[in-house]
Amino acid sequence: MKKGLNRTLSVISKIAEIGAWIGVVAGLIVFAGSFNKDVAQEIVAGEPHMMQSIGFELGVITNTGVINYFALSMYFLGTVIAFALIALIFRNLDIILHTISGRYEKAESTSPFQKDVVKRVKNIGILSIAIPVFSFVLTTIVYVVSLINGTPVGVSVSLEGVVVGLVCLCLTQIFSYGAQLEEEVDGLL
């Protein structure tokens, strides 16, 4: 049962990682296209004034119905970076799953209480917090620039990643303590 669940989770995390990297590539293509006014108009045709991405919403059309090209390009840049961070989260998760199932050749053992697993859980926590922090910085820059240019747009940031990240960082402490205890027990044997 445990092995089957571990393999299933590993497959899901690998698919999610690959999907996120595909999102990065697609986002880069659309980001490049957003600098062409004709392409940009096609991108936002039929879209609401606020476009939603992973962790943030950004207004790309002003109240007067004009496309804010800076906001649009920053929206796609933010989406690319968010997808890259999510791909790294799933990469770390996949390595953890491979480690505890004995399929990761660089692992010390199959125990979840080892330094590499602790490091990976910590990475997941940091990356989870990085998404809303980056989103906040990006949306703040876009908001300030759009105010300076006289084309204000709406912005919104989701802070759910901070909660997930803090939970992962707390789990890091638990796994670190478990690794320390396991190391002490191994030293006694």
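Please go through segment 137-155 and give me each residue that is surrounded by 15 or more Cβ atoms within 10 Å (Cβ to Cβ) and free of Cβ contacts under 8 Å to residues at least 24 places away in the same chain, ordered by number. If the condition is that a residue be surrounded by 15 or more Cβ atoms within 10 Å (Cβ to Cβ) and free of Cβ contacts under 8 Å to residues at least 24 places away in the same chain, then TYR143 is the only one that fits.
Among the residues of segment 51-68, those identified as of a type in the set (S, T, N, Q) and over 15 Å from the mean Cα position of the chain (by Cα) are THR62, ASN63, THR64, ASN68.
Would segment 51-59 turn up any residue that is in a helix (DSSP H, G or I) and of a type in the set (Phe, Trp, Tyr)?
no
Restricting to segment 9-50, name every residue that is farther than 18 Å from ALA87 by Cα and part of a helix (DSSP H, G or I). VAL30, PHE31, ALA32, GLY33, LYS37, ASP38, VAL39, ALA40, GLN41, GLU42, ILE43, VAL44, listed by residue number. Report yes if some residue within segment 93-114 is under 21 Å from ILE148 (Cβ atoms) and either small (Gly, Ala, Ser) or modelled with pLDDT of 80 or more (or both); otherwise report no. No.
Scanning segment 136-189 for residues that are in contact with a Lys or Arg (Cβ under 8 Å, 6 or more places away or on another chain) and under 24 Å from GLY55 (Cβ atoms) gives CYS168, LEU169, THR172. If you check ALA87, ALA82 for being touching an Asp or Glu at 6+ places or on another chain (Cβ under 8 Å), farther than 20 Å from ASN149 by Cα, in contact (Cβ under 8 Å) with a residue 12 or more places away in the chain and of a type in the set (A, V, I, L, M), only one passes: ALA87. Sub-8 Å Cβ pairs linking a first residue in segment 90-104 that is within 15 Å of GLY4 (Cβ to Cβ) to a second residue that is part of a helix (DSSP H, G or I) and at pLDDT below 85, at least 6 apart or interchain, are LEU97/ASN6; ILE100/ASN6; ILE100/VAL117; SER101/LYS3; SER101/ASN6; SER101/ARG7, ordered by first then second residue. Checking each residue in segment 1-18 for being modelled with pLDDT under 90 and of a type in the set (Gly, Ala, Ser) picks out GLY4, SER10.
The values are calculated or read from the model by the stated rules, or taken from the named source; none is laboratory data. Computed from a prediction, not measured in an experiment: that's the story for all the values here. Heads up, the Cβs are rebuilt from the backbone with ideal geometry, glycines too, and the neighbour counts pull from every protein chain shown.
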